[in-house]
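**Student:** Next up is a structure, given as C-alpha cells.
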Amino acid sequence: MIKRILVTGLSLSAAGLIGFAANEGYVETAMIPTQNDVPTAGFGSTVHIDGKRVKLGDRLDPVLALKTLNAHAEKDAQALRESLPNGALSQGEFDLYMGWIYQYGRSAWARSPMVEKLNAGDYRGACQALLIYKYVTATRATPGWEAYKWDASGRPTRWRFDCSTPGNKICRGVWTRQLDRHHRCIAIQEALDE
C-alpha cells in the first residue's frame, strides 16, 4: 500500500538513485548533452564532488561518478525537504521530484509551481505542472529557437526551443522524460486514491 509521510522522514531510495544513473547514462569524458547546454560527465553531473564546474575533457571514472551523483542527490534531497516544511509525499513522489531537481536544479525547483502546489496539497496539480518544463534555453540566437526574454531596450537576451515539437532532434529526450514523469506521477495519485 502506498502512503504519504512527512518529507522530513524521506530520502532518495536506492531504486531512485539507480533510476537517476540509468536515465542519465554514464559518460566518462565530459560532453555537451544537448545543444547550448553545459558540460556534463559521469551520470549527468555538471559539478564535481569538490564543487568545481565540469569542463569539457574532464574525466570521471564510474566509482567517482557514482559518489558525485550521490553527493549531489543528498543536497537535492535537503532542498526538497526544506521546500516542503510541513509537506508529505510518498516515496515514489519523493524520488520523482528528486529526479526533476537533479535535471533542472535546486534554484529552478524553488521557483517551480510544483512547490506551491505541493505545499497547498494539490498533488495532481503538481503532476500537471511537470509538463510546463518542455523547453531548452540559450543565451545566444539559434536558428529555429524563439526569443522569450528581452533587455530594457527590447533586444532579445534569451532564446528557447520547445522540446515537445514533434520529430525534433534537438531535445526530444527532455520532453519524453517529462512525459514519463507526468505519467508516473498520475499513476501514483491513482494508487493513493484507491
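The values are calculated or read from the model by the stated rules, or taken from the named source; none is laboratory data. Just so we're clear, the structure is a prediction, and the values are computed from it rather than from any experiment. In this analysis, Cβ positions are derived from the backbone assuming ideal geometry, glycine residues included, and neighbour counts consider all displayed protein chains. Ligands, DNA and RNA are excluded from the accessible area calculation, which covers all protein heavy atoms including side chains. Shrake-Rupley method; radii C 1.70, N 1.55, O 1.52, S 1.80 Å.
**Student:** Find how many whole Å separate the alpha carbon centroid of the range 88-132 from the alpha carbon centroid of the range 152-177.
**Tutor:** Computed from Cα coordinates, the inter-centre distance equals 21 Å.
**Student:** Counting only the backbone N, which residues of the range 158-178 are under 18 Å from the spot 7 Å out from the Cα of residue 192 toward its beta-carbon?
**Tutor:** No residues fall inside that zone.
**Student:** Which percent of the accessible heavy-atom area of the chain goes to carbon and sulfur, probe 1.4 angstrom?
**Tutor:** Heavy-atom surface of the chain belonging to carbon and sulfur, 1.4 Å probe: 55 percent.
**Student:** If I histogram all Cα-Cα distances within the range 1-71 using bins 10 Å wide from 0, what percent of pairs lands in each bin?
**Tutor:** With 10 Å bins starting at 0, P(r) equals 20, 45, 22, 12, 1.
**Student:** Per DSSP helix of 4 or more residues, -39500 (n - 2.57); summed, then divided by the residues of the chain. What does that give at 222 nm, rounded to the nearest 500?
**Tutor:** -14500 deg cm²/dmol
**Student:** Tell me the per residue accessible area of the range 55-194 using a 1.4 Å probe; a whole number in Å² is fine.
**Tutor:** The answer is 54 Å² per residue.
**Student:** With N residues in the range 117-188, what two-decimal value do you get for its Cα radius of gyration over 2.2 N^0.38 Å?
**Tutor:** 1.36
**Student:** OK, next. Once the Cβ-Cβ distance between residue 1 and residue 151 is put in as r, and R0 is 41 Å, what FRET efficiency do you end up with, to the nearest 0.05?
**Tutor:** Approximately 0.15, to the nearest 0.05.
**Student:** Further question on the same structure: Could you state the orientation-averaged shadow area of the convex hull built on the Cα atoms of the chain, in nm² to one decimal?
**Tutor:** Computing the convex hull of the Cα atoms and averaging its projections yields 12.4 nm².
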